[in-house]
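Each remark here refers to the structure printed beneath this line.
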Amino acid sequence: MQENELMSERKADTLLKICSLLMTSGANTSRIFVHLKRFSDLIKVDAQVFIDHKAFIITLLDNETQQKTTQIRRLPGHGINFAVLSALSRAGLKAKTENWTFEQIDAEVDRIAGLKHYPRIVILIAVSFSGAGFCNLFGGDIVNMLIAFFATMGGLFVRQEAVKRKFNPYVSVLFGAFVAASLASSTSVLLNHTDIHLAIATSVLFLIPGVPLINSVTDILDGYIITGSVRFINGFVFVLAIALALFMVMYLFSIQNL
Amino acid sequence: MILDITIVEKVIWSGIAALGFGILFNIPRRVILPVFLLGGIAGFLKFFALTNGSGVVLASLFAASFVGFASIPYARQKQTSPFLLSIPSVIPMIPGYFGYKMLLGITQIAVLGESQNEVETMLSITHNGLNMIFILISLSVGVSLPWLIFKDKALKVIRLKKKGDLV
């Protein structure tokens, strides 16, 4: 009896680990349910989950032993990581076709949780190029693009440092946006370049919380109104932080209109 | 339609913008090229729709629904989930610009107090806010349009060809 109890505790723990990885890496709610169904079928349990932005509650019934377990897990901070999503969906399919045991699934989930990001310098350069790209799309010339490139790089660097030092996520974005916008405006002034607005407006675009905002609408479409609203408000506060930083920079440099 | 150099330039830069976000979101290495291509095509379609007189909301819907449909066969070929390709490709079209323009207008009214052109500011707040919400809805609806129309029937997504090579 004791063994059965321990086993279903472990199963609940693994399922919660999967849910928490999906939620923090930026999956929308219906995707979380699809994965949960797939994995809970594989380890032969019937799982019911309550999903929230910051915690999960799971109750599962072990189909083999009729053991019931309930667990709650708090989620760590969110950080979008699509490699985790991809690896989890492939792991689910592979486990289904190859009939993995619970131990194998558990080991694979632990491996996926440790997946690495790209090297920091690669991220910095790629995102800076995308800042320059935005500047081009908004109609900037080559000088504007260069300004946006370096402003984005500085802003992202500051934001990464702030995240590493465990600042509040909204405050980290505020710092990043402030540095990016002040770099953009000061270099524009120094180079005596007229289109100062363009560089400022595009140098902060990399901070826009695209994934939470898109997920909020898809969640609401799927009927998960509460998680959808939570995601929207979360994304909106990030945009608010950016706007606040821009407001401060515009006040400091006495820029009239963006 | 004139295929001049500016269009090619815009396509390439939209692709790079999408790719930058992809790298920031840590996409697996084998979907780097697909994200670049889909992002570029999405940028082209949006630009094409805009130059042919459609508004920015409809242009976004057009581009995002193309990405939504194109990502399914492409994702099957690359053995991954379609969302992994479609979300980074449409992220550059997220209306962040309208979002903080709206909030800047609000801060102007709330913090700076009275000024002569308050009516204009209110109008721009409404305009930018509505634009932001509707573009956001069109992007999400566009990306998930295949699922909304066909449900799950035709869309058995991934089939693993090779063993190993997870991620």
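The values are calculated or read from the model by the stated rules, or taken from the named source; none is laboratory data. Just so it is clear, the structure is predicted and the values come from calculations on it, not from any experiment. Note that we place each Cβ from the backbone using ideal geometry, even for glycine, and neighbour counts take in every protein chain shown.
Observations, loosely collected:
- Meets criteria (under 19 Å from A:Asn215 (Cα atoms), free of Cβ contacts under 8 Å to residues at least 24 places away in the same chain and polar (S, T, N, Q)) for A:Ser20: no
- In this structure, A:Leu207 does not satisfy being without any contact (Cβ under 8 Å) to a residue 40 or more places away in the chain, farther than 19 Å from B:Ile125 by Cα and of a type in the set (A, V, I, L, M).
- Taking helices (runs of 4 or more DSSP H) as the structural unit, those lying wholly within region A:69-180 and holding at least 3 residues that are more than 30 Å from B:Thr6 (Cβ to Cβ) and of a type in the set (A, V, I, L, M) correspond to A:82-98, A:102-113, A:142-164.
- The condition (being away from chain B (no Cβ under 13 Å) and not polar (S, T, N, Q)) is satisfied by just one residue among A:Leu207, A:Leu183: A:Leu183.
- The requirement of being at pLDDT below 90 and either in a helix (DSSP H, G or I) or farther than 30 Å from A:Ile147 by Cα (or both) is satisfied by A:Leu61.
- Subset of region B:79-105 [farther than 20 Å from B:Ile135 by Cα and either within 7 Å of chain A (Cβ to nearest Cβ) or surrounded by fewer than 24 Cβ atoms within 10 Å (Cβ to Cβ) (or both)]: B:Gln79, B:Thr80, B:Ser81, B:Leu84
- First in region B:20-36 and more than 9 Å from chain A (Cβ to nearest Cβ), second anywhere and aliphatic (A, V, I, L, M), Cβ under 7 Å, 6 or more apart: B:Ile32/B:Leu19; B:Pro34/B:Leu85; B:Val35/B:Ala18; B:Val35/B:Leu19; B:Val35/B:Ile27; B:Val35/B:Leu85; B:Phe36/B:Ala18; B:Phe36/B:Leu19
- Residues of region B:111-151 that turn out to be farther than 30 Å from B:Ser71 by Cβ and assigned to a helix (DSSP H, G or I), as a count: 12
Yes or no, residue by residue, for (1) crowded, with 16+ Cβ neighbours inside 10 Å; (2) away from every other protein chain (no Cβ under 12 Å):
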| position | (1), (2) |
| --- | --- |
| A:Phe82 | yes, no |
| A:Ser89 | yes, no |
| A:Gly92 | yes, no |
| A:Thr101 | no, yes |
| A:Ile105 | yes, yes |
| A:Glu108 | yes, no |
| A:Ile112 | yes, no |
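- Yes/no for B:Ile2 being modelled with pLDDT under 90 and surrounded by 22 or more Cβ atoms within 10 Å (Cβ to Cβ): no
- For region A:22-42, a residue qualifies if it is in contact with a Leu (Cβ under 8 Å, 6 or more places away or on another chain) and more than 13 Å from chain B (Cβ to nearest Cβ), and the qualifying residues are A:Met23, A:Leu36, A:Phe39, A:Ser40.
- Residue match in region B:150-167 (condition: at pLDDT 80 or above and out of contact with any His (no Cβ under 7 Å at 6 or more places or on another chain)): no
- Within region A:168-202, restricting attention to residues that are closer than 17 Å to A:Ile142 by Cα and either β-branched (Val, Ile, Thr) or within 20 Å of the chain's Cα centre (by Cα) (or both), the residue that is surrounded by the fewest Cβ atoms within 10 Å (Cβ to Cβ) is A:Thr194.
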